[in-house]
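For reference, the structure discussed in these notes is given below.
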Amino acid sequence: MKALTWHGRRDVRVDDVPDPRIEQPTDAIIRVTSSGLCGSDLHLYEVLGPFLDAGDVLGHEPMGIVEEVGAEVGHIRPGDRVVIPFNISCGHCFMCDHGLQTQCETTQVREEGMGAALFGYTRLYGQVPGGQAEYLRVPQAQYGPIKVPQGPDDDRFLFLSDVLPTAWQAVQYAEIPDGGSVAVIGLGPIGEMATRIAQHLGAGQVIGLDLVPERLARSGAHGVHTIDVSAVDSVPEAVRELSNGRGPDAVIDAVGMEAHGAPGGKLAHTLAGLMPDAITRKVMETAGVDRLSAFSTAVEIVRRGGTISLSGVYGGTADPLNMLQIFDKQLTLRMGQANVKRWIDDILPLLTGPDDPLGVEGFATHHVPLTEAPAAYETFQKKEDGAFKVVFKP
Ligand SMILES: NC(=O)c1ccc[n+]([C@@H]2O[C@H](COP(=O)([O-])OP(=O)(O)OC[C@H]3O[C@@H](n4cnc5c(N)ncnc54)[C@H](O)[C@@H]3O)[C@@H](O)[C@H]2O)c1
Ligand SMILES: [Zn+2]
Ligand SMILES: [Zn+2]
């Protein structure tokens with residue numbers, strides 16, 4: 001089959017790789033009909049190379065049609081239409097029972113000291129072949145796949161794999177008081193969806209920060225009060241002006257480790273791309289530094305006693321944090337990968353009615369054949385051609 005494979009920094013290719021097959025009685029094979037490209041994939045494209053091997057298949061936002069199931073898979077059958085959560089979890093361990101599917105004790109990557117395995121996301125997360133491919137082997141398929149109705153376009157349901165539950169969790173973790181305010185830093189797919197969900201769940205004021213004009217305009221078009229961080233003298237002042245001089249009740253960081261405007265981290269990331277993998281892995285595991293500008297902005301702008309919810313991915317182990325301010329302002333921090341299955345029952349009803357309250361139709365800007373994926377990665381990274389959310393059609 002054809003699959004999108006990683007070969008080096010900013011080097012992904014469409015290769016022929018062996019068709020996946022059932023290996024465990026809990027596996028399923030799906031024929032992929034749509035597969036999202038995510039801001040998280042850009043970290044693989046740019047800075048996480050030391051944790052990848054040439055030929056690794058990327059992609060963690062797939063949906064498709066079930067081709068075959070193992071003997072222990074009961075809830076789906078060949079022909080069913082399914083969305084696959086980006087994290088792989090068993091549904092019956094202590095962590096899954098507590099709604100912490102990202103920490104699943106059956107799939108935890110213990111050799112690396114990490115949580116649940118993810119599709120297409122480095123050896124840290126189990127080096128599981130991903131879903132930007134024609135076919136996908138789905139481990140733990142007795143639990144993971146989300147069955148969705150036939151009929152509407154894939155885009156109605158595709159974002160259940162990652163964007164919707166990630167943004168939903170970001171808003172839940174932000175604990176915005178009734179009618180309260182939230183600022184969302186980063187208006188990519190995750191941040192913009194978080195603004196829509198916050199509005200839907202009754203936030204009184206939603207502020208959005210980014211620096212890409214099309215992205216600011218998109219959020220502005222559905223009632224978000226946007227701030228272009230590259231055009232104001234002081235971001236904290238601009239935010240406080242909108243929120244009683246006090247700052248918003250909650251801040252969501254939907255940027256993560258590759259934020260613009262943090263030269264130190266940039267240098268560390270560039271060095272990581274130049275040294276041999278074995279050495280860089282050690283350096284990143286013991287002294288890695290993130291570009292912290294988005295998180296630092298969050299600490300600065302949130303009101304005293306407020307909550308910061310991080311959905312942007314961080315991976316540094318030696319990040320210099322402003323503990324004085326975090327402690328003195330008495331902040332609450334919540335973060336992590338999205339526990340996808342935990343939120344599906346809340347979200348799915350919003351996707352099946354005629355009114356599409358979260359605007360999933362029209363959310364993606366680009367639908368491209370898998371064979372054009374390498375160019376799409378580049379366009380998406382450079383944020384050219386209005387690329388906001390790219391969906392591959394294998
Ligand atoms: N927690 C999870 O489960 C989960 C799931 C999916 C994605 N993510 C992470 O969420 C983040 C966002 O994902 P995405 O797909 O929306 O990515 P994206 O790269 O499309 O969006 C990031 C946005 O942040 C903006 N930005 C960069 N620096 C900024 C700054 N200093 N201030 C304000 N805005 C800034 C960029 O212009 C861009 O629009 C990524 O870090 C991704 O890895 C986490
Ligand atoms: Zn994703
Ligand atoms: Zn589990």
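Numerical summary
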{"quantity": "The one condition in (1) within 16 Å of ligand 3 (Cβ to nearest atom); (2) within 14 Å of the chain's Cα centre (by Cα) that W168 fails to fulfil", "calculated": "(1)"}
{"quantity": "In the range 28-57, the residues that are away from ligand 2 (no atom under 15 Å from the Cβ), crowded, with 24+ Cβ neighbours inside 10 Å and part of a loop (DSSP other than H, G, I, E, B)", "calculated": "V47"}
{"quantity": "Condition check for V109: in contact (Cβ under 8 Å) with a residue 60 or more places away in the chain and among the β-branched types (V, I, T)", "calculated": "no"}
{"quantity": "Residues within the range 187-213 that are touching a residue at least 60 places away in the same chain (Cβ under 8 Å) and over 25 Å from L160 (Cβ atoms), tallied", "calculated": "2"}
{"quantity": "So L58, is it under 26 Å from F157 (Cβ atoms), among the aliphatic types (A, V, I, L, M) and modelled with pLDDT under 95", "calculated": "no"}
{"quantity": "Odd one out for S89 among (1) more than 13 Å from ligand 3 (Cβ to nearest atom); (2) modelled with pLDDT of 95 or more", "calculated": "(1)"}
{"quantity": "Failed item, numbered, when V138 is tested on (1) in contact with an Asp or Glu (Cβ under 7 Å, 6 or more places away or on another chain); (2) of a type in the set (A, V, I, L, M, F, W, C); (3) over 20 Å from V83 (Cα atoms)", "calculated": "(3)"}
{"quantity": "Filter result for P129 (out of contact with any helix residue (DSSP H, G or I) (no Cβ under 8 Å at 6 or more places or on another chain), assigned by TED's automatic domain parsing to the domain that holds P354 and within 16 Å of ligand 3 (Cβ to nearest atom))", "calculated": "no"}
{"quantity": "Criterion violated by D155 - all others in (1) more than 23 Å from D356 (Cα to Cα); (2) out of contact with any helix residue (DSSP H, G or I) (no Cβ under 9 Å at 6 or more places or on another chain); (3) within 16 Å of ligand 2 (Cβ to nearest atom) satisfied", "calculated": "(1)"}
{"quantity": "Qualifying residue in the range 340-347 (condition: of a type in the set (A, V, I, L, M) and either at pLDDT below 95 or under 21 Å from V229 (Cβ atoms) (or both))", "calculated": "no"}
{"quantity": "Among the candidates V184, V128, V148, residue that is touching a residue at least 12 places away in the same chain (Cβ under 8 Å) and farther than 28 Å from H92 by Cα", "calculated": "V184"}
{"quantity": "Options L370, L331, L321, L350: the member that is more than 16 Å from ligand 1 (Cβ to nearest atom) and within 21 Å of I190 (Cα to Cα)", "calculated": "L350"}
{"quantity": "Qualifying residue in the range 75-86 (condition: aromatic (F, W, Y), closer than 21 Å to E23 by Cβ and away from ligand 1 (no atom under 16 Å from the Cβ))", "calculated": "no"}
{"quantity": "Test for Q140: is it more than 16 Å from ligand 1 (Cβ to nearest atom) and in contact (Cβ under 8 Å) with a residue 24 or more places away in the chain", "calculated": "yes"}
{"quantity": "Top-ranked residue in the range 99-141 [being in contact with a Leu (Cβ under 7 Å, 6 or more places away or on another chain) and in a helix (DSSP H, G or I); ranked as farthest from T5 (Cα to Cα)]", "calculated": "E112"}
{"quantity": "Among the candidates Q127, Q169, residue that is on the phi > 0 side of the Ramachandran plot, crowded, with 18+ Cβ neighbours inside 10 Å and at pLDDT 95 or above", "calculated": "Q127"}
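This table checks each residue for (1) basic (K, R); (2) within 16 Å of ligand 2 (Cβ to nearest atom); (3) touching a Phe, Trp or Tyr at 6+ places or on another chain (Cβ under 7 Å); (4) assigned by TED's automatic domain parsing to the domain that holds L42.
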| site | (1), (2), (3), (4) |
| --- | --- |
| R81 | yes, no, no, yes |
| C104 | no, no, no, yes |
| Q108 | no, no, no, yes |
| G115 | no, yes, no, yes |
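The values are calculated or read from the model by the stated rules, or taken from the named source; none is laboratory data. A quick note: this is a predicted structure, and the numbers were derived from the prediction, not measured. FYI the Cβ positions are ideal-geometry reconstructions off the backbone, even for glycines, and counts take in every protein chain you see.
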